[in-house]
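**Q** Quick one: this structure, given as structure tokens, is what I'll be asking you about.
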Amino acid sequence: MEQSKWVLIGPVYPYKGGISHYTGLMYRALAKAHDVEMISYRMQYPGFLFKREQRDYSNDTFKVEGTKFLINTANPVNIMTTAGKIVKMKPEKVIIQWWHPYFAPCYRILTGIIKRAGIEIVYICHNVFPHERFPLDKKLTRMALKRADRYILHAQGEVKDLLSIKPDADYKVQVHPTYSTFNFDDLDRHSAREMLGIPDDEDVMLFFGFVREYKGLKHLLNAVHILKEKQYRDRQVPRLYVVGDFDGNREEYLTLMDKLKISDDIRLIDGYVPDKEVEKYFSSADLVVLPYESATQSGIVQIAYGFRKPVIVTDVGGLPEVVEDDVTGMIVPPFDDEALADAICKYFDEGRKDRYIKGISEREYRFSWDRMTEALE
């Protein structure tokens with residue numbers, strides 16, 4: 001059977017971040033059954049908009065051999081030239097990663113030329129609108145997305161947003177696949193804890209990723225305080241590791257920790273975590289907590305599942321679609337610090353860990369990349 005020709009567009013190694021990892025893994029899954037051309041960015045964000053280093057060369061696990069780094073997202077002439085090159089490849093589909101309206105002008109030009117050539121355009125919408133809204137974001141999103149033929153969404157809650165800009169959109173909701181490629185050394189819990197200096201008998205929770213207001217870290221800190229004052233008065237509160245880039249707002253969390261008198265119960269690891277450093281934090285943890293105030297979906301849950309780690313999440317966005325309450329983790333109301341503390345207490349005191357790990361293992365295929373390939377086909 002002759003393979004169909006597809007073009008995949010998005011960030012890949014050496015670009016940093018979850019969507020870069022996602023795109024690399026998607027390429028591998030699609031390339032098993034299709035002739036896929038990987039196209040990425042010559043320039044993703046201009047320096048004045050994104051002041052942190054955008055690339056990480058320390059680990060090439062997610063590298064896609066043969067990637068064409070063509071697109072300068074701020075150069076219209078470059079974008080038109082790249083579109084012409086894509087048309088000459090004569091693909092059946094062009095699959096584009098979408099997560100922020102910054103890319104709207106670039107993709108409007110790109111898809112305009114591709115569309116006129118009669119090539120099918122599919123957007124993978126990590127979120128239709130950005131997590132942190134701003135004026136004109138809806139207009140920009142509509143400008144880019146309306147030209148697509150089909151859409152893959154990762155959460156049912158995104159459907160309303162998509163239909164608000166394209167009422168007749170042809171879409172499919174497919175849950176975010178699992179990230180299982182961070183297990184570089186197959187560290188067990190004991191070995192990972194030796195690396196971090198954590199005793200085997202200590203209960204450990206993990207909050208992982210960029211620290212943004214909407215991710216609700218303050219609620220988790222409040223929950224630790226509640227545990228210390230109520231449920232865990234006579235014994236050690238589960239240790240919380242907060243691992244990720246604070247982007248300059250670390251002091252406000254340190255102030256809150258001092259105010260709550262929980263500084264001794266928290267370990268802050270501030271900064272970007274290279275891919276090879278991810279494993280030791282997840283392998284050493286007993287529980288991953290996402291106390292988000294809002295969300296579409298989250299790759300953090302899928303990294304946790306890749307390490308067979310149960311999660312506690314809030315009932316926002318697409319998180320309840322990937323977490324089965326009391327099966328693979330626990331779901332609590334957002335902004336409810338008491339409920340979050342109570343869930344943590346139940347998880348550790350009632351020994352739910354093994355049962356939830358079993359639930360994660362039994363649902364492996366639902367979160368597989370094969371399912372994503374089927375959705376695109």
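The values are calculated or read from the model by the stated rules, or taken from the named source; none is laboratory data. Remember, it's a predicted structure, so these values are computed and weren't measured experimentally. So basically every Cβ, Gly included, is an ideal-geometry build from the backbone, and we count neighbours across all protein chains shown.
**Q** Counting only residues that are among the hydroxyl-bearing types (Ser, Thr, Tyr) and not in a helix (DSSP H, G or I), which one in the range 258-312 is surrounded by the most Cβ atoms within 10 Å (Cβ to Cβ)? Let's see the steps before the verdict.
**A** First, the residues of the range 258-312 that are among the hydroxyl-bearing types (Ser, Thr, Tyr): 263, 272, 281, 283-284, 292, 294, 296, 298, 305.
Subsequent filtering for residues that are not in a helix (DSSP H, G or I) retains 272, 292, 294, 296, 298.
Values: Tyr272: 14, Tyr292: 23, Ser294: 16, Thr296: 24, Ser298: 26.
That would be Ser298.
**Q** Residues that are over 20 Å from Phe282 (Cα atoms), part of a helix (DSSP H, G or I), at pLDDT below 95 and touching a strand residue (DSSP E or B) at 6+ places or on another chain (Cβ under 8 Å): does the range 325-341 have at least one?
**A** No, because not a single residue in the range 325-341 is over 20 Å from Phe282 (Cα atoms), part of a helix (DSSP H, G or I), at pLDDT below 95 and touching a strand residue (DSSP E or B) at 6+ places or on another chain (Cβ under 8 Å).
**Q** Additional query: Does the range 10-38 hold any residues that are in contact (Cβ under 8 Å) with a residue 40 or more places away in the chain, part of a strand (DSSP E or B) and crowded, with 21+ Cβ neighbours inside 10 Å, and which are they?
**A** Tyr15
**Q** Still on this structure: Let me spell it out: the conditions are (1) free of Cβ contacts under 8 Å to residues at least 24 places away in the same chain; (2) hydrophobic (A, V, I, L, M, F, W, C); (3) in contact with a strand residue (DSSP E or B) (Cβ under 6 Å, 6 or more places away or on another chain), and Leu254 meets all of them except one. Which number is the exception?
**A** (3)
**Q** Scan the range 100-108 and give yes if some residue there is assigned by TED's automatic domain parsing to the domain that holds Gly18, modelled with pLDDT of 95 or more, farther than 27 Å from Thr296 by Cα and over 24 Å from the mean Cα position of the chain (by Cα), otherwise no.
**A** No, because not a single residue in the range 100-108 is assigned by TED's automatic domain parsing to the domain that holds Gly18, modelled with pLDDT of 95 or more, farther than 27 Å from Thr296 by Cα and over 24 Å from the mean Cα position of the chain (by Cα).
**Q** Tally time: how many residues in the range 305-343 are touching a Leu at 6+ places or on another chain (Cβ under 8 Å) and more than 24 Å from Lys160 (Cα to Cα)?
**A** Here is the first cut: in the range 305-343, the residues touching a Leu at 6+ places or on another chain (Cβ under 8 Å) are 309-314, 319, 331-332, 340-341.
After this cut, where a residue has to be more than 24 Å from Lys160 (Cα to Cα) as well, the list is 309-312, 340-341.
Qualifying residue count for the region: 6.
**Q** Just to be sure, is Thr178 outside the structural domain of Pro130 (by TED's automatic domain parsing) and closer than 30 Å to Arg147 by Cα?
**A** Numbers: outside the structural domain of Pro130 (by TED's automatic domain parsing): yes; closer than 30 Å to Arg147 by Cα: yes.
Here the answer is yes, as Thr178 does meet what is asked.
**Q** If you scan the range 212-235, which residues turn out to be surrounded by 13 or more Cβ atoms within 10 Å (Cβ to Cβ) and part of a loop (DSSP other than H, G, I, E, B)?
**A** The answer is Arg212, Gly216, Tyr232.
**Q** Moving on. Thr328 fails exactly one of the following numbered conditions: (1) of a type outside the set (A, V, I, L, M); (2) buried (at least 22 other Cβ atoms within 10 Å of the Cβ); (3) touching a residue at least 40 places away in the same chain (Cβ under 8 Å). What is the number of that condition?
**A** Result: Thr328 passes all but (3).
**Q** Let me ask something additional. Out of the residues in the range 236-257 that are in a loop (DSSP other than H, G, I, E, B) and of a type in the set (D, E, K, R), which is surrounded by the fewest Cβ atoms within 10 Å (Cβ to Cβ)?
**A** Only one residue tops the list, namely Asp247.
**Q** Looking at Asp186 and the list (1) surrounded by fewer than 16 Cβ atoms within 10 Å (Cβ to Cβ); (2) modelled with pLDDT of 95 or more; (3) within 24 Å of the chain's Cα centre (by Cα); (4) of a type outside the set (A, V, I, L, M, F, W, C), which single condition is not satisfied?
**A** In the conditions (1) surrounded by fewer than 16 Cβ atoms within 10 Å (Cβ to Cβ); (2) modelled with pLDDT of 95 or more; (3) within 24 Å of the chain's Cα centre (by Cα); (4) of a type outside the set (A, V, I, L, M, F, W, C), Asp186 misses (2) alone.
**Q** Among the candidates Thr61, Thr82, which residue alone is among the β-branched types (Val, Ile, Thr) and either part of a helix (DSSP H, G or I) or without any contact (Cβ under 8 Å) to a residue 24 or more places away in the chain (or both)?
**A** Values: Thr61 fails: either part of a helix (DSSP H, G or I) or without any contact (Cβ under 8 Å) to a residue 24 or more places away in the chain (or both).
Step by step, each of Thr61, Thr82 is checked, and only Thr82 is among the β-branched types (Val, Ile, Thr) and either part of a helix (DSSP H, G or I) or without any contact (Cβ under 8 Å) to a residue 24 or more places away in the chain (or both).
**Q** Mind listing whichever residues of the range 149-172 are among the aliphatic types (A, V, I, L, M) and either in contact with a helix residue (DSSP H, G or I) (Cβ under 7 Å, 6 or more places away or on another chain) or touching a residue at least 40 places away in the same chain (Cβ under 8 Å) (or both)? Before the answer, list the steps.
**A** Taking the range 149-172 as the starting set, the residues that turn out to be among the aliphatic types (A, V, I, L, M) are 152-153, 155, 159, 162-163, 165, 169.
Selection gives Ile152, Leu153, Ala155, Ile165, Ala169.
**Q** Here are the criteria: (1) at pLDDT below 95; (2) more than 13 Å from Gly209 (Cβ to Cβ). Tell me which single one Asp247 does not satisfy.
**A** (2)
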